[in-house]
1. Kindly establish whether residue 311 is surrounded by 22 or more Cβ atoms within 10 Å (Cβ to Cβ) and either modelled with pLDDT of 95 or more or in the same structural domain as residue 43 (by TED's automatic domain parsing) (or both).
2. Within the stretch 177-208, count every residue that is away from the ligand (no atom under 16 Å from the Cβ) and crowded, with 18+ Cβ neighbours inside 10 Å.
3. If I ask for residues that are in a loop (DSSP other than H, G, I, E, B), within 16 Å of the ligand (Cβ to nearest atom) and under 27 Å from the mean Cα position of the chain (by Cα), which ones from the stretch 134-167 would you list?
4. Output the residues belonging to the stretch 326-358 that are in contact (Cβ under 8 Å) with a residue 24 or more places away in the chain, farther than 27 Å from residue 299 by Cβ and acidic (Asp, Glu).
5. Give the residue, chosen from 61, 99, that is surrounded by fewer than 24 Cβ atoms within 10 Å (Cβ to Cβ), of a type outside the set (Phe, Trp, Tyr) and within 20 Å of residue 175 (Cβ to Cβ).
6. Looking for whichever is assigned by TED's automatic domain parsing to the domain that holds residue 309 and either charged (D, E, K, R) or more than 22 Å from the chain's Cα centre (by Cα) (or both) here; the options are 355, 397, 329. Which one fits?
7. Is it the case that the stretch 401-408 has a residue that's surrounded by fewer than 20 Cβ atoms within 10 Å (Cβ to Cβ), assigned to a strand (DSSP E or B) and more than 16 Å from the ligand (Cβ to nearest atom)?
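The values are calculated or read from the model by the stated rules, or taken from the named source; none is laboratory data. Bear in mind the structure is a predicted one, so any value in this text is a computation, not a measurement. Neighbour counts run over all protein chains shown; Cβ positions are idealised from the backbone, glycine included.
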Amino acid sequence: MERFRVAGGARLAGEVTVTGAKNSVLKVMAACLLAEGTSTLRNVPDIGDVPIMAEVLRGLGAEVTDAVPEVRVTVPAALGYEADYEHVRRIRGSICVLGPLLARCGRARVALPGGDAIGSRALDLHVSGLQKLGAAFESEHGYLVASAPKLRGEQIWLDFPSVGATENIVMAAVLAHGTTLLDNAAREPEIVDLCEMLVAMGARIGGIGTSTLEIGGVDELGPTTHDTVPDRIVAGTFAIGAVMTLGDVSVRGARAEHLRLPLDKLVQAGADVEELPDGFRVSMDRRPTAVDVVTLPYPGFPTDLQPLAIGLASISEGAAFVTENIFEGRFMFIDELVRLGADVRTDGHHAVVRGRERLSGAPVRATDIRAGAGLVLAGLVAEGVTEVSDVFHVDRGYEGFIEQLRALGADVTRVAADDLLG
Ligand code: UD1
């Protein structure tokens with residue numbers, strides 16, 4: 001079990017380059033299943049989730065190359081239809097093979113992912129949407145078993161703009177007979193990325209980037225080459241890190257238009273944000289002012305940046321009111337932040353964060369990917385040394401996080417469990 005040792009006090013300054021989005025790459029990998037032949041994915045991040053998803057695809061009969069940032073996925077005419085528990089429980093995102101398998105094989109057997117540290121993640125919207133398209137579902141021995149000899153286009157209204165349900169429904173509808181109208185669809189940049197790839201494969205999708213998608217089913221799709229959209233959450237992490245450390249960071253390879261609200265929050269906190277041709281620059285020269293945050297589906301404030309926003313508020317001047325509307329378990333990391341001296345009180349899905357002048361280093365545990373990143377940033381502004389354990393979470397979603405922070409001037413190292421401070 002490795003840990004990150006973070007020495008407080010350094011200022012982040014310089015340039016960092018962001019690669020493809022974790023929240024997109026797993027889905028575009030699954031989309032490759034929709035066409036026989038070899039698709040090429042570019043800008044694939046070197047993160048822990050990618051080889052696991054590659055294993056899921058291999059288990060279905062695809063060949064997947066290992067080297068990033070360019071991954072080739074070769075899909076046979078006859079595809080397997082079972083994604084087993086060993087893989088699905090490690091990355092919940094692998095549930096997105098459900099739609100492509102139903103579309104290609106007319107059936108799917110996909111393990112139920114179970115709960116995780118940020119709360120239960122229901123699948124009812126995935127299931128009811130696919131049922132509308134004609135799939136029949138059973139649950140047996142921990143698996144979701146679906147069959148649909150023929151999928152038919154339908155009108156679907158989602159109760160909530162679920163990212164995962166939108167992805168599964170779209171990937172099934174592209175090969176359905178007739179037109180699907182999907183209303184209250186998610187419109188995250190990662191959904192746009194997936195839809196653009198599907199269109200390049202021959203799919204007919206209207207309304208991309210809006211909450212109403214019109215999908216005209218086609219008989220077959222062909223392989224394609226696709227550039228994964230930049231990771232807005234990693235970009236936002238470095239932006240928040242720059243503000244917390246009173247730094248000056250240029251985030252390259254990022255798209256400011258995917259982070260309008262988070263960047264505006266940083267401006268409200270007192271930062272300078274300048275757009276660059278290939279990203280943005282964030283600089284800060286004084287103690288941040290506390291800003292309130294409410295997480296909502298895109299273009300609302302992303303739930304994935306909430307732990308980092310709480311970290312920022314914990315050293316800001318004044319009090320911030322933070323509301324988490326997407327995942328009920330996403331405040332779990334707060335107990336760890338409190339170990340660093342943060343003053344946070346929660347009530348249900350609301351948190352009040354009273355800014356402290358300083359935090360103080362301590363051993364803490366990463367409870368999920370973003371909580372881990374948030375604790376590392378908090379460690380950067382804490383007095384003394386912070387050791388963050390369970391960093392495998394961070395490795396799942398951040399490519400070379402420690403190396404990138406070091407390049408920006410942070411005093412951060414990866415240490416083995418038997419090489420710890422007393
Ligand atoms: C979510 C985020 C996404 C982020 C990803 C990784 C939102 C809306 N989604 O996507 O931006 O990239 O985590 O951290 O912010 N739900 C149901 N029934 C369903 C599906 C979902 O009740 O069938 C609920 C979930 O329990 C959750 C909410 O809807 O409370 C959001 O779920 P969803 O968008 O599907 O989650 P992810 O696809 O994991």
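1. Here the answer is yes, as residue 311 does meet what is asked.
2. So the count comes out to 8.
3. 158, 159, 160, 161, 162, listed by residue number.
4. Across the stretch 326-358, the qualifying residues are 336, 343, 357.
5. Every option except 61 fails the conditions.
6. 355
7. no
Residue-by-condition table, conditions (1) under 25 Å from residue 218 (Cα atoms); (2) touching a residue at least 40 places away in the same chain (Cβ under 8 Å); (3) part of a loop (DSSP other than H, G, I, E, B):
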site	(1), (2), (3)
68	no, no, yes
73	yes, yes, no
86	no, no, no
93	no, yes, no
98	yes, yes, no
103	yes, yes, no
108	yes, no, no
126	yes, yes, no
130	yes, yes, no
